[in-house]
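Peer 1: There's a structure below that I have some questions on.
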Amino acid sequence: MEEKKRSSHRLTSKDYLILVGILIGVTVVYFGIYFLLIKGEANEYDKTLYDTSTGLINIVIGAFTIFFVLRTYQSQREQIIKQEIQIDEQREQLKKNDRDVEFNRLVDIFYRQIDFLLPNIHTELYKALTLRLLHYDYSDADKKSFINQEKSKILSYYTILKEQLEIFKTLLNTSELPILEREYIKMILVFNIGTEFFVLMREIKRLSSILDDIEPSIEAVRNPLN
């Protein structure tokens, strides 16, 4: 819309031809008066009229000159503004392309890392924990007893997972992608891990203190990014 407004104020080729015609006409009148006075016997009144006409014509020519200089400057300025707009648009497009490349790269890395992570989650210990603590109707005392029996294995299990999840958090925190796009990529990880994993971890924390130092770091995977 702005471009159309600017275009409506520009002189067309026809306008320039009219202005040039007027300028030529003024010039012809000027020289006509000049030659008539030169060839005829000019009195003082004629000479005064000639001088006055010369001054007016000089003013008109000067005005036309200034007008054309200003129009040329304005046209060049409009062209520069148009080029700056095009450069800004190209720069934004390049940024968008860079973001698209970074987004696809990060998604690809996440899926590759998830392929390594999932086998370490769905171990025999994980299956035993989910059965004992989530699916079977054991008492809290029986659950605590089982946790104490497998304490060292549980600690080792979650410590390894914590270290692997730190890789994902580092990738997200060091990326220059907008936060909404990083949140979307993070949800790919959370979805693939599954809700059951986090429910199990909270159940262990409820029954025992062995994960007090580990659980916050793992749970942070689901927290909103800053």
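Coordinate-derived values only; no laboratory data. Note that this is a predicted model, so its numbers are computed, not measured. Positions of Cβ are backbone-derived with ideal geometry, glycine not excepted, and every protein chain shown enters the neighbour counts.
Peer 1: Please report the relative contact order for the range 80-192, taking Cα pairs under 8 Å with a sequence separation of at least 6, and give it as a percent rounded to a whole number. Don't skip to the end; give the middle numbers.
Peer 2: Working: 26 pairs, mean separation 48.5, N = 113.
Over the range 80-192, the number comes to 43 percent.
Peer 1: With charges only on Cβ, +1 for K and R and -1 for D and E, what is the dipole size of the range 122-222 about its Cα centre, in debye, rounded to 20? Provide the component values of the computation, followed by the final result.
Peer 2: On the way: 14 positive and 16 negative charges, 31 e Å.
Dipole size: approximately 160 debye.
Peer 1: Separate question: Mind checking the log10 I(q)/I(0) for the range 122-222 at q = 0.09, 0.25 Å⁻¹? Debye, one equal scatterer per Cα, no solvent, two decimals.
Peer 2: -0.26, -1.42
Peer 1: Now a separate question. Whose amide H sits under 5 Å from the amide H of Gly194, counting only residues 5 or more places off or on another chain, with H placed in the peptide plane?
Peer 2: none
Peer 1: In the range 122-222, with Lys and Arg counted as +1 and Asp and Glu as -1 at Cβ, which of these residues, Ala220, Leu134, Gln164, has the Cα nearest the positive end of the dipole, that is, farthest along it?
Peer 2: Leu134
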